[in-house]
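This report concerns only the one structure given below.
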Ligand code: PLP
């Protein structure tokens, strides 16, 4: 059987290929994965166990449990977002399902969809799978990887129907201020785009508060926001996320979701409800620990002379390696047993950089940074 053309147009994930190399050895320290090294807070796990003990193993409403949607509506008020639980919130199997649904529901064949890069590896494939045409908008280390009006204009995004936005960013760790987002919002309104804003790292913002582009004037009606429980609550394997947006967008996404997924996993919904109601302190503790590691990693890169901008969100540093990032990462893996991800995997603007995840315990992180330093000094 032959894959459909639109599937054939998407190459296998570049990150996977790299992890397969790493799996060949058992003395590797991996700073490669974008996944918390913590487990979900105990109270959330207990809620999941309790729901199972009570035999709650059935489907839920397509849009997710009503009490969970209400808790989500309450939670996102901290970002100045106000969504109606009945019509404007959809609970999904991870933020990934929400991103995928938004593209399939809102992008028509041959629509151009702008995506700033470097960025999370799933957006371009998602656009292609939905029949759209990606327009890559490079961001630059010189701008601290913030997206600008000029970058959007220069890449031809004015003709696009939509813009995919991801701040705090994977892989750079960049965040954007309200003023910087204001420029992007101006471009979006000037050119009548809609925005798909992946804010899954919103709770992992270290310098100042997270701003959602949907909270800027005139943006709520043209934005779908994605968030979820994988990163902030260390719940990657429970597969729970959500989308917030205007009724028409959420209705369209739900039309696909109700046929393809039916409902997000029920056990995870109970865990998520408890996460929102009672696990704020655990999130703060994990964020403080990531922040400690972030400062450590940034200071070590500084000491060894690798240029690294002040990543202020998510759990990634994105140092420049001063040359071919694929060769650097492969040699580092072979010679020192440390896995990092070459920046070019994340698209335009990523070449010459490395994604270094600090969602790794401090002892391993220290050892990995010592090995990277030894490698850099030898080169
Ligand atoms: N969005 C971004 C920016 C990510 O980095 C990731 C995972 O690495 C996801 C979405 C996937 O999230 P989920 O586990 O909720 O599907």
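Just so you know, all these numbers are worked out from the coordinates, no wet-lab data involved. All figures in this text were calculated on a predicted structure; none of them were measured in a lab. We place every Cβ from the backbone using ideal geometry, glycine too, and count neighbours over all the protein chains shown.
Below are the figures for this structure:
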{"quantity": "Two-site FRET efficiency, residue 310 against residue 74, from Cβ-Cβ distance with R₀ of 30 Å, rounded to 0.05", "calculated": "0.40"}
{"quantity": "Order of 372, 29 under a 10 Å beta carbon neighbour criterion, fewest first", "calculated": "29, 372"}
{"quantity": "Length released on extending from residue 59 to residue 303, taking residue separation times 0.36 nm less the Cα-Cα span", "calculated": "82.5 nm"}
{"quantity": "Antiparallel DSSP beta bridges within the chain, percent to nearest 5", "calculated": "40"}
{"quantity": "Distance from the stretch 70-88 to the stretch 312-342 (C-alpha centre basis), Å", "calculated": "38"}
{"quantity": "Rg over Rh [alpha-carbon atoms, Kirkwood Rh] for the chain", "calculated": "0.96"}
{"quantity": "Bins of 5 Å from zero: percent of alpha-carbon pairs in the stretch 10-125", "calculated": "2, 7, 10, 14, 16, 16, 14, 12, 7, 2, 0"}
{"quantity": "Kirkwood estimate for the stretch 161-215, i.e. one over the average of 1/r between Cα atoms, Å", "calculated": "11.6"}
{"quantity": "FRET efficiency, residue 13 to residue 260 (Cβ-Cβ, R0 25 Å, nearest 0.05)", "calculated": "0.70"}
{"quantity": "Packing-based exposure ordering (other Cβ within 10 Å, fewest first) of 257, 210, 353", "calculated": "210, 257, 353"}
{"quantity": "Cα gyration tensor, the stretch 133-232 - rounded (a/c under 1.5), prolate or oblate", "calculated": "prolate"}
{"quantity": "Translational D in µm²/s for the stretch 82-199 (Stokes-Einstein at 25 °C, 0.890 mPa s, Kirkwood Rh from C-alpha pairs)", "calculated": "168"}
{"quantity": "Residue 23 versus residue 190: modelled label distance in nm, points set 7 Å from Cα along the beta carbon direction", "calculated": "4.7"}
{"quantity": "Rh by Kirkwood over Cα pairs, then Stokes-Einstein D for the stretch 280-343 at 1.567 mPa s and 4 °C, µm²/s", "calculated": "99"}
{"quantity": "Radius, Kirkwood style, for the stretch 16-60 when every pair of distinct Cα atoms is counted (Å)", "calculated": "14.0"}
{"quantity": "Inter-probe distance in nm under a simple model that places probes 7 Å from Cα toward Cβ, at residue 140 and residue 251", "calculated": "4.4"}
{"quantity": "Estimated FRET transfer efficiency when R0 is 25 angstrom, pair residue 281-residue 86 (beta carbons, to 0.05)", "calculated": "0.25"}
